[in-house]
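> Can you read through this structure? Questions will come right after.
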Amino acid sequence: MKLELNPDGVWYHGSNVMFDLLREGSTITQWKGLAEAFSHQPTMLSYDDNGVISHNGVEKGFLYFIDEPITVDVDIYQHPKTTMDKNAEFLTRHPLKVKIIEEL
């Protein structure tokens, strides 16, 4: 599956805990559905060529957006050990401010 980055797009993080500052080394993505799935803490996650996500997560989740500008290769970088397609997941280089969007 081909994922295009939008330099001015929204970046998301999914978690099962509440906080205001995302730690360095955390995973973020522009794919909202992926962040939602990760918020449920799955041990297995996959998606098909059409972007349909399957996972076994059951935790209550929270969806966040990154509340500050993001520059690829400055603030974040491609996850070096991902098994997902290019541009699916990135790691943060430093702490980032977040705001909660919804409880899942």
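The values are calculated or read from the model by the stated rules, or taken from the named source; none is laboratory data. Note that the structure is predicted; figures quoted are calculated from it, not measured. Please note: Cβ atoms are built from the backbone with ideal geometry, for glycine as well, and neighbour counts cover all protein chains shown. Remember, those area values only see protein heavy atoms, side chains included, never the ligands or the DNA or RNA. Shrake-Rupley method; radii C 1.70, N 1.55, O 1.52, S 1.80 Å.
> Only one residue in 91, 45 is open to solvent by less than 60 Å² (accessible area, probe 1.4 Å) and in contact (Cβ under 8 Å) with a residue 40 or more places away in the chain, so which one is that? Before the answer, list the steps.
Numbers: 45 fails: in contact (Cβ under 8 Å) with a residue 40 or more places away in the chain.
Of the residues listed, the single one that is open to solvent by less than 60 Å² (accessible area, probe 1.4 Å) and in contact (Cβ under 8 Å) with a residue 40 or more places away in the chain is 91.
> Just give me the residues in region 25-42 being open to solvent by less than 50 Å² (accessible area, probe 1.4 Å) and in a loop (DSSP other than H, G, I, E, B), in sequence order.
Once the filter is applied, which keeps residues that are open to solvent by less than 50 Å² (accessible area, probe 1.4 Å) and in a loop (DSSP other than H, G, I, E, B), region 25-42 yields 25, 26, 30, 31, 40, 42.
> Oh, and also: Scan region 1-24 for residues that are within 16 Å of residue 87 (Cα to Cα) and either in contact with a strand residue (DSSP E or B) (Cβ under 9 Å, 6 or more places away or on another chain) or open to solvent by less than 70 Å² (accessible area, probe 1.4 Å) (or both) and jot them down.
Across region 1-24, the qualifying residues are 1, 3, 5, 7, 9, 10, 11, 12, 13.
> Answer yes if at least one residue in region 76-84 is out of contact with any Phe, Trp or Tyr (no Cβ under 9 Å at 6 or more places or on another chain) and touching a residue at least 12 places away in the same chain (Cβ under 8 Å), and no otherwise.
No, because not a single residue in region 76-84 is out of contact with any Phe, Trp or Tyr (no Cβ under 9 Å at 6 or more places or on another chain) and touching a residue at least 12 places away in the same chain (Cβ under 8 Å).
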